[in-house]
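Derivation of every value follows stated rules applied to the coordinates shown; laboratory data play no part. Values in this document were obtained by computation on a predicted structure and should not be read as measured data. As a convention, Cβ positions derive from the backbone with ideal geometry for all residues, glycine included, and neighbour counts pool all protein chains shown.
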Amino acid sequence: MSNPYLNDKAIAAASQAGWAAPEPSTQVLGPARTPIDDGPISSWRPRVMTVQGTITATGVLLVLLIASATAGWIATDDLGGGRVQLPMLAIGGILVGLVCAIVVHFKPLWSKVLAPVYAIAEGFFLGAISKAYNEAYDGVVIQAVGATLGVFFMMLVLYRTGVIKVTDKFRRTIIMATLGLMAFYLVSFVLSLFGVEIGIFQSASLLGIGFSLFAATLAALNLALDFDFIEKGAKQALPKGMEWYAAFGLLITLVWLYLELLRLLSKLQQR
């Protein structure tokens, strides 16, 4: 699942709604309308979004995700022969995660509460589905986790060094491609309810591998949008609660990237 709503529109909406903190020089603190000055160190401290705060929030969500994933892995029964029995809670985790993502899209400041709920719910599902893949393709989970971390740090370096620049054209292209892919996934899911399966998802053919490679690449490029949103949000002094919103969006992208890499690596093992 991607998060194309982490963009300039979200920042603009936050500012127009009065979420952004006012500049110290314009803050009304008394009759003289001037900041408090108590010498070399001022006691005035605006509670605004920072990069460090977003990193901390992301860390908390990742801890919750990993803990819940461990529980999901343990709760998944091994039936032998590369088969497992997914617990019903795993399916519930998908639904809860989807609801959280939809609500946060319209209520960003609710993310402080809903982001942890998403991490726990989605983590349980990830643990269960990861065990299913690992039983069918030994060692694929470790490979997918390593690949996800590697792609994350590679994209961070490319973004920080300016190799990848998030321009308006770049942002529009990635968001439109992401929405198109999500629409394709939704149509495929609906068709599967009527017994129509699209083999490209699990097929180890060159076409199937190419599709998974495209999806994983698109997920990786979404990380650049996340980094850009975090940086701009901190510069524009959005409220402290937006750190959880940014962390939530980053977590969604990482989960999506992991699942795409898990599918891609499992296909490669079949070759």
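Report the gain in length on full extension from residue 86 to residue 109: 0.36 nm times residue separation, minus Cα-Cα distance, nm rounded to one decimal. Could the numbers behind the result be given before it?
Values: separation 23, 0.36 × 23 = 8.28 nm, distance 3.32 nm.
This chain segment gains 5.0 nm when fully extended.
Long-range amide H contacts for residue 84: which residues qualify at under 5 Å (H placed 1.01 Å from N, peptide plane, sequence gap of 5 or more or a different chain)?
Under 5 Å from the amide H of residue 84 lie the amide H atoms of 79, each far enough along the sequence or on another chain.
Quick one: order 155, 88, 182 by neighbouring beta-carbon count within 10 Å, fewest to most. Display every interim value, and only then the final one.
Values: 155 22, 88 8, 182 14.
Arranged by neighbour count, lowest to highest, 155, 88, 182 become 88, 182, 155.
Are there chymotrypsin sites (Phe, Trp or Tyr not before Pro) in segment 148-213 that DSSP marks as loop and that have at most 13 other Cβ atoms within 10 Å, and which are they?
Working: sites: 152, 153, 159, 170, 184, 185, 189, 194, 201, 211; in loops: 194.
Hits after loop and neighbour filter: 194.
Return the distance in nm (one decimal) between the two label points of a simple spin-label model at residue 190 and residue 231, each offset 7 Å from Cα along Cα→Cβ.
Roughly 3.8 nm, to one decimal.
How long are the semi-axes of the equivalent ellipsoid of segment 51-205, taking √(5λ) for every eigenvalue λ of the Cα gyration tensor, in whole Å from largest down? If you can, show how the numbers build up before the last one.
Working: eigenvalues 153, 91, 73 Å².
After diagonalising the Cα gyration tensor, the semi-axes are 28, 21, 19 Å.
Give the total of Lys-Lys pairs in segment 46-270 with Cα-Cα distances below 15 Å; include a pair only if its members are 8 or more places apart or on different chains.
Details: 107/240; 112/240; 165/232; 232/240.
Count of close lysine pairs: 4.
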